[in-house]
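Okay, structure first, notes after.
The values are calculated or read from the model by the stated rules, or taken from the named source; none is laboratory data. Predicted model only: the values in this text are computed from it and were never measured. Note: ideal-geometry Cβ built from the backbone for every residue, glycine included; neighbour counts use all protein chains shown.
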Amino acid sequence: MARIVSALVIGLVFGSGIALSGMANPAKVLNFFDFAGTWDPSLGLVMGGALIVTAIGYAFVLRRKAPVFDRLFHLPTRRDLDLPLVAGSAIFGIGWGVTGFCPGGAIPALGLGHGDAWLFVGSMIAGIALARLVRHSLATRMTAKVV
């Protein structure tokens, strides 16, 4: 139960930060990408602040032997770039640049009444489901070829 409450509190803090900084407003985010027009550097400042807090947090937390609510840290071990990583990053960037939403900003935007956020989150869920279906289908085909 403590894990769930902890996740809820962390999500509320993150979502509040996104909402208070204006990053749940897709117009504000899109203005960051409009260098020739109404450029707004605030997204860069928010991201820079987040990187500083994250770096300090990681340095502090990773000194522990294990997380508070788990037996070990689940950190990525792969260092190579593969097609799913590159394609996923490209889709994320294109979607963010076109809509002004990223998953972290779209979820709080649902609660703020941004109607477009519902379309974005629904599309995101459909995309995740499709990617899992394709990955499962490919894994099944690869297993069938080996047998």
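Before moving on, here are some points about what is shown:
- Of residues in the range 75-87 being hydrophobic (A, V, I, L, M, F, W, C) and surrounded by 10 or more Cβ atoms within 10 Å (Cβ to Cβ), the one farthest from Arg135 (Cα to Cα): Val86
- Ala2 falls short on exactly one of the conditions (1) hydrophobic (A, V, I, L, M, F, W, C); (2) modelled with pLDDT under 90; (3) in contact with a Gly (Cβ under 8 Å, 6 or more places away or on another chain), and that condition is (3).
- The residue pairs whose first member lies in the range 60-74 and is surrounded by 10 or more Cβ atoms within 10 Å (Cβ to Cβ), whose second member is of a type in the set (S, T, N, Q) and not in a loop (DSSP other than H, G, I, E, B), and whose beta carbons are closer than 7 Å, counting only pairs six or more residues apart or on different chains, are Phe69/Ser6.
- Among residues of the range 36-89, those that are under 22 Å from Asn25 (Cα atoms) and within 18 Å of the chain's Cα centre (by Cα), counted: 10
- Within the range 29-45, the set of residues being surrounded by 10 or more Cβ atoms within 10 Å (Cβ to Cβ), out of contact with any Phe, Trp or Tyr (no Cβ under 8 Å at 6 or more places or on another chain) and at pLDDT 90 or above comprises Leu30, Thr38, Leu45.
- Flag for Ala19 being assigned to a helix (DSSP H, G or I) and loosely packed, with under 11 Cβ neighbours inside 10 Å: no
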